[in-house]
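Where a number appears in this text, it was derived from the coordinates with a stated rule and is not lab data. No experiment lies behind these values; they were computed from the predicted model shown. With ideal geometry, Cβ positions are generated from the backbone for all residues, glycine too; neighbour counts draw on all protein chains shown.
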Amino acid sequence: MAANVLVVDDDPNLVRLMSKFLKLEGFSPVPAANGEEALSYLRGGGDACVILLDLRMPVMDGWTFRREQRGDPGLADIPIVVLSGVEGDRVQELEAAASFNKPVSFQEVVGVVRRLCEIRR
């Protein structure tokens, strides 16, 4: 069964392209337009081996999502990969498994996703 990868980004084009690449590589992408949708999916019983997370989104941004995720024992151990246009030191506060600045290399991101999903099996 293909591993689920939660793609949390408010840019529908990026979500579509990332999902296409993930599917080609054998993953099952699960889109969420913001952190609130992502939390609803996860807290509703949805699973993910990795979360690809944008930081700047409406409704609930990536920072708030990560704080909520870390505070939830059932979700805290899911690794995140930050995909953002935000530069700066604060990204380290998120304790992300990896971080990419947009525009991202889909191949590089998928490589990191593959490694993280293998570790969690």
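Observations, loosely collected:
- Peptides 98-105, 37-44 ordered by packing proxy, namely the average of other Cβ atoms within 10 Å per residue, highest first: 37-44, 98-105.
- Mean projected area in nm² (Cα convex hull; one quarter of hull surface) for the chain: 6.7
- Signed unit charges on C-beta, dipole axis of region 3-85, positive-most listed residue Ala3, Pro31, Ala76: Ala3
- Reciprocal of mean inverse Cα separation for region 12-52 (Kirkwood radius, Å): 10.8
- Mean separation of Cα contacts under 8 Å (6+ apart) over length of region 1-106, as relative contact order %: 24
- Taking other C-beta atoms within 10 Å as the exposure proxy, Met18, Met60 rank Met60, Met18 from fewest upward.
- Restricting region 53-105 to GluC sites (Glu not before Pro) that sit in a DSSP loop and have at most 14 other Cβ atoms within 10 Å of their own Cβ leaves Glu87, Glu95.
- Region 1-69: C-alpha gyration tensor shape, a/c 1.5 cut-off, then a/b vs b/c: oblate
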